[in-house]
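Take a look at the structure set out below.
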Protein chains: 2
Amino acid sequence: MILIGNELLSGRVQDANLHYLAGELWDLGCPVTRVLIVRDIVDEIAEATRTMSDLHRWVFTTGGIGPTHDDVTIEGVARAFDTKVIGHRGLEKRLREHFGERITEAHLRMARIPEGAVLTGADPEAWPTVRMKNVFIFAGIPAILRRKFPEIREELRSAPIFRETLFFRTAEAVIADTLHGAAQRFPDIEIGSYPQTGGEADTVQVTLEGADQERLRKAVVFLEQITADIERIR
Amino acid sequence: MILIGNELLSGRVQDANLHYLAGELWDLGCPVTRVLIVRDIVDEIAEATRTMSDLHRWVFTTGGIGPTHDDVTIEGVARAFDTKVIGHRGLEKRLREHFGERITEAHLRMARIPEGAVLTGADPEAWPTVRMKNVFIFAGIPAILRRKFPEIREELRSAPIFRETLFFRTAEAVIADTLHGAAQRFPDIEIGSYPQTGGEADTVQVTLEGADQERLRKAVVFLEQITADIERIR
């Protein structure tokens with residue numbers, strides 16, 4: 001993912017898109033492995049897009065889409081692929097139908113796409129999502145992302161990943177060696193340890209994740225056996 | 001900033017550190033310009049640290065600090081600088097004093113630092129923050145970051161940045177050309193436009209930011225003049 005916007009980097013706005021999209025993509029078997037957050041600067045967006053597009057199966061950008069001068073994501077993605085920005089005839093037509101005589105140059109900026117991009121989205125009546133090669137371009141407004149992403153999600157579905165979660169009433173340091181042993185025994189299962197703060201006593205959330213449900217089940221049973229002396233919660 | 005942790009990328013946990021630290025650093029005149037979010041993988045942390053350390057004045061990592069096998073930030077930062085991980089004698093001594101006979105190898109992992117790192121923090125009684133060259137290493141637990149960052153913040157203070165915010169009751173497309181004109185007239189002032197959703201009518205938040213308070217004031221007056229026909233809020 002590439003999150004685009006000065007407001008995220010200046011602390012003015014708390015990003016709400018990573019958490020949503022990362023969860024959705026995880027559920028689709030298509031987990032996020034890296035995120036970049038960059039400013040509304042064409043060259044920075046271009047460099048981030050180029051790097052991420054080369055390294056990853058899919059890239060998702062959020063932010064920098066809109067009618068104002070600081071909305072430069074389309075330019076940035078176009079530059080990443082050494083192509084130019086064009087006005088899409090079909091999108092311009094829809095904007096003209098919608099706004100009629102009130103239409104401005106600013107409105108028409110919404111119809112710009114990198115040359116060679118395709119329009120995706122299951123519903124032909126809905127405003128499409130722009131995809132340039134393996135880069136999906138989304139708006140930064142959380143409500144819009146949550147409306148648009150479901151329209152393309154089935155294009156992304158891969159083999160599922162499974163997750164089990166255990167909660168222990170103990171300090172993380174007490175359980176650390178045990179978890180390390182389980183992680184070594186099950187290298188194909190990703191075991192994460194997250195101390196929970198704010199409660200009355202030390203608790204640790206342990207997650208086990210993997211693509212093979214049977215192996216995951218075995219890792220859970222193994223971990224339950226070697227932690228039999230530690231109190232569990234839930 | 002480099003945020004480290006599989007849990008941020010799988011959508012299990014909403015990051016709460018970027019928003020806090022970005023706001024603090026902005027207030028110190030030391031704005032964040034780029035963020036990377038990477039997995040708990042030594043090589044990925046090392047590569048991110050190397051890149052960011054080369055490009056930026058300061059780098060802040062959060063996450064991956066702790067006693068368990070998936071806490072590998074110290075290894076990652078050490079590898080970024082081609083150095084090894086050592087146990088810091090003074091920190092080990094403090095841990096032994098604190099835990100006494102209950103101390104484990106997992107506890108002692110908390111005393112590991114990259115060789116050549118320095119311990120910082122204003123309060124000699126408090127647990128220090130580790131800095132390796134220009135990289136400050138923080139825990140990922142939000143409450144801990146909020147306790148530790150203030151101890152080093154005065155090391156970072158730079159010339160302040162100033163910000164003014166105006167709210168307009170209009171659609172973003174209506175005000176876009178006007179904002180573009182102001183941005184061209186005041187290239188040293190960063191003008192951002194953020195449509196606000198969820199209310200009854202279209203509103204746009206416009207921010208103006210700059211290092212020169214007098215120029216900022218002039219940009220605000222200019223913008224107020226050229227938007228005199230648009231309703232303001234607040």
### Query
Semi-axes of region B:22-118's equivalent ellipsoid from the Cα gyration tensor, sqrt of 5 times each eigenvalue, largest first, rounded to whole Å?
27, 16, 13
### Query
Once you list every other residue whose beta carbon is under 10 Å from the beta carbon of residue A:6, what net charge do they have if Lys and Arg are +1 and Asp and Glu are -1?
-3
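Near residue B:216, within a Cβ-to-Cβ distance under 12 Å, what is the net charge of the other residues, with Lys and Arg +1 and Asp and Glu -1? It would help to have the intermediate numbers written out before the result.
On the way: positive: B:163, B:215, B:217, B:218; negative: B:164, B:188, B:190, B:209, B:212, B:214.
For residues surrounding residue B:216, the net value is -2.
Considering all projection directions equally, how large on average is the shadow of the alpha-carbon convex hull of chain A, in square nanometres?
Numbers: hull surface 63.4 nm².
Directional mean of the projected Cα hull area for chain A stands at 15.8 nm².
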### Query
Hey, got the Cα dimensions of region B:1-78 along the principal axes, in Å, largest first?
37, 28, 20
### Magnitude of the charge dipole, region A:32-165, Cβ model with Lys/Arg +1 and Asp/Glu -1, debye to 20
280
### Summary
What a careful reader reports for the chain A Cβ nearest the rotation axis onto chain B, distance rounded to whole angstrom, is A:36, 3
### Message
Just the number: Rg to Rh for the protein assembly as shown, Cα atoms, Kirkwood Rh, two decimals.
### Response
1.00
### Message
For region A:162-233, I need the span (max minus min coordinate) of the C-alpha atoms along each principal axis, in Å, sorted largest to smallest.
### Response
36, 20, 16
### Query
Which of the aspartates and glutamates could a cross-linker bridge to residue A:84, judged by Cα under 15 Å and excluding same-chain residues fewer than eight apart?
A:43, A:75, A:115
### Ratio Rg/Rh [Cα only; Rh per Kirkwood] for region A:10-51
1.04
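Net charge near residue B:82, counting Lys/Arg +1 and Asp/Glu -1 over other residues with Cβ under 12 Å of its Cβ? Could you put the intermediate results ahead of the total?
On the way: positive: B:50, B:79, B:84, B:133; negative: B:115.
Net local charge, residue B:82 excluded: +3.
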### Query
Between region A:43-80 and region B:166-234, what's the alpha-carbon centroid distance in Å?
24
### Task
Go through A:108, A:149, A:25 and say which Cα lies farthest out towards the positive end of the charge dipole of chain A; charges sit on Cβ, +1 for Lys and Arg, -1 for Asp and Glu.
A:108
### Task
For residue B:126 paired with residue A:119, estimate the spin-label separation in nm (one decimal), with each label point 7 Å from Cα along the Cα-to-Cβ line.
5.5
### Amide N of region B:179-199 lying under 20 Å from the label point, which is placed 7 angstrom from the Cα of residue B:218 along Cα→Cβ
B:179-192
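Which value in deg cm²/dmol, rounded to the nearest 500, describes the helix-derived mean residue ellipticity at 222 nm for the protein assembly as shown, given -39,500 (n - 2.57) per DSSP H run of n ≥ 4 and division by the residue count?
Details: 18 runs with 182 residues, N = 468.
After summing the helix terms and dividing by the residues of the protein assembly as shown, the value is -11500 deg cm²/dmol.
No value in this document is a laboratory result; all are computed from the given coordinates. Everything numeric in this text was worked out from a predicted model, so none of it was measured. Quick reminder, even Gly has a Cβ in these numbers, built from the backbone with ideal geometry, and neighbours come from all protein chains shown.
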